[in-house]
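Peer 1: Mind looking over this structure? Questions follow.
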Amino acid sequence: MAKANLRFEDNDMNDMNQFMTNELVTGKSASKIQKIIFDIIFQHIHDMVFVMKVESGPIFRYLFINEAGMSKANLSTEVIGKSFQEALPRNRASILQRKYEKLLKNEKVTKFDDHFFYNGEYEVYGETILTPIFNELNEISYVVGVTRDITERILEKKKMARNEQRYRSIVDNNLDAIFSITPMGKILEVNPAAAMLTGYSEKQMTSRSIYDLIHDTDLDKIKSMIEKTCTGHPLESLDCKIIHSKGQQLIVHIKTAPIVIHGEIDGLFVILKDLSEHAKNMEMIRFMAFHDQLTGLFNRRALLDHLKCSNGFTCKEIARICTHLH
């Protein structure tokens, strides 16, 4: 049914084209219609339109340029009748010559991306379609080139690519482990530091849930953090334990931050900072503060602290007791 409709539409289009051709050739209003079409192409179409005459060589001479073509390609009416080599800088002329010669060889519509400088300063990116016009001997006599200005689209893509590279640079070179996860906790992407911290490869982690890495004692707390972050609130916790691939527990500082795209939360970042070494150092400092360095036994400070905590004595009272005992 769909094919039938398409065929019907194609037939309608062919009939309309034939009607327009007959009107332009034999109709009473032919000259008026031609003038309207010419004005539309010349003044109102924003795409650049070029009609080139094909001569032996091959040489391509400008026969027609619409207003957009003259403005954006920095051309004037003086180039009419001139070839690429006569009207354009050598490098630009060489590029277009090759594209048009390819059309002559293939004898069919040719598409290519174009790139040039407006007034020698501003970059213009174009999307060009070349259409051959055949004469009664089935030779290509003219080529119609239509170039659409896609500069804004290309520059936006380049901007997005630069932003993506900046993002990748920040994430990939970050010393903290960074996980990109879904609101349900599925790991989508990790940075190299995450692999170093957990002992799992990126491929191994992207098939897991972030909850698979969390120690059971902290599971409820982390789930609560992620649920709250999904409402738009970044959070952090200083004392979370995760399980390394080899089984040991690691103490980490965890941060969660929402990923917002077009005003909606699309996922989360989970950032882990390894505090295991820091915790070991703090434990060592604490041990040294309350133990004799030679014997490893509790020292006077540990005894005072223990008595204070156990009996509610003040430091002065404990000191007097220790002196009396001595």
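The values are calculated or read from the model by the stated rules, or taken from the named source; none is laboratory data. Being a predicted model, the structure only gives us computed values, none of them experimental. Please note: Cβ atoms are built from the backbone with ideal geometry, for glycine as well, and neighbour counts cover all protein chains shown. These accessible areas exclude ligands, DNA and RNA; they are computed on the full protein's heavy atoms, side chains included. Shrake-Rupley method; radii C 1.70, N 1.55, O 1.52, S 1.80 Å.
Peer 1: Restricting the search to segment 213-253, which residues are assigned to a helix (DSSP H, G or I) and not aliphatic (A, V, I, L, M)? Show your work before the answer.
Peer 2: Within segment 213-253, the first condition is being assigned to a helix (DSSP H, G or I), and the residues that meet it are 213, 216-229.
Across segment 213-253, the qualifying residues are Asp216, Thr217, Asp218, Asp220, Lys221, Lys223, Ser224, Glu227, Lys228, Thr229.
Peer 1: List pairs: first in segment 72-101 and in a helix (DSSP H, G or I), second open to solvent by less than 80 Å² (accessible area, probe 1.4 Å) and polar (S, T, N, Q), Cβ under 6 Å, 6+ apart or cross-chain?
Peer 2: Phe84/Gln97
Peer 1: For residues in segment 107-136 being open to solvent by 80 Å² or more (accessible area, probe 1.4 Å), modelled with pLDDT of 85 or more and part of a strand (DSSP E or B), which is farthest from Val51 (Cα to Cα)?
Peer 2: Once the filter is applied, the top-ranked residue is Asp113.
Peer 1: Can you tell me which residue is least open to solvent (accessible area, probe 1.4 Å) among those in segment 185-212 that are outside any helix (DSSP H, G or I) and of a type in the set (D, E, K, R)? If you could, list the steps in order and put the result at the bottom.
Peer 2: Step one: of segment 185-212, the residues outside any helix (DSSP H, G or I) are 185-191, 199-201, 206-209.
Still in the list and also of a type in the set (D, E, K, R): 186, 189, 208.
Working: Lys186: 99, Glu189: 63, Arg208: 81 Å².
Among residues in segment 185-212 that are outside any helix (DSSP H, G or I) and of a type in the set (D, E, K, R), the one least open to solvent (accessible area, probe 1.4 Å) is Glu189.
Peer 1: Select from segment 137-167 the residues that are in a loop (DSSP other than H, G, I, E, B) and open to solvent by less than 90 Å² (accessible area, probe 1.4 Å) and list them in ascending order. Step through it out loud before you land on a result.
Peer 2: Step one: list which residues in segment 137-167 are in a loop (DSSP other than H, G, I, E, B), which gives 137-139, 150.
The one that is in a loop (DSSP other than H, G, I, E, B) and open to solvent by less than 90 Å² (accessible area, probe 1.4 Å): Ile150.
Peer 1: Would it be correct to say that Ala161 is closer than 30 Å to Met48 by Cα, out of contact with any Asp or Glu (no Cβ under 7 Å at 6 or more places or on another chain) and small (Gly, Ala, Ser)? Outline the logic, then answer.
Peer 2: Numbers: closer than 30 Å to Met48 by Cα: yes; out of contact with any Asp or Glu (no Cβ under 7 Å at 6 or more places or on another chain): yes; small (Gly, Ala, Ser): yes.
The answer is yes for Ala161.
Peer 1: State which residue is farthest from the chain's Cα centre (by Cα) when the search covers only segment 213-242 and only residues that are open to solvent by less than 50 Å² (accessible area, probe 1.4 Å) and among the aliphatic types (A, V, I, L, M).
Peer 2: The extreme case among them is Leu219.
Peer 1: Among Ala2, Ala68, Ala30, which is surrounded by 12 or more Cβ atoms within 10 Å (Cβ to Cβ), more than 35 Å from the chain's Cα centre (by Cα) and modelled with pLDDT under 85? Step through it out loud before you land on a result.
Peer 2: On the way: Ala2 fails: surrounded by 12 or more Cβ atoms within 10 Å (Cβ to Cβ); Ala68 fails: more than 35 Å from the chain's Cα centre (by Cα).
The conditions single out Ala30.
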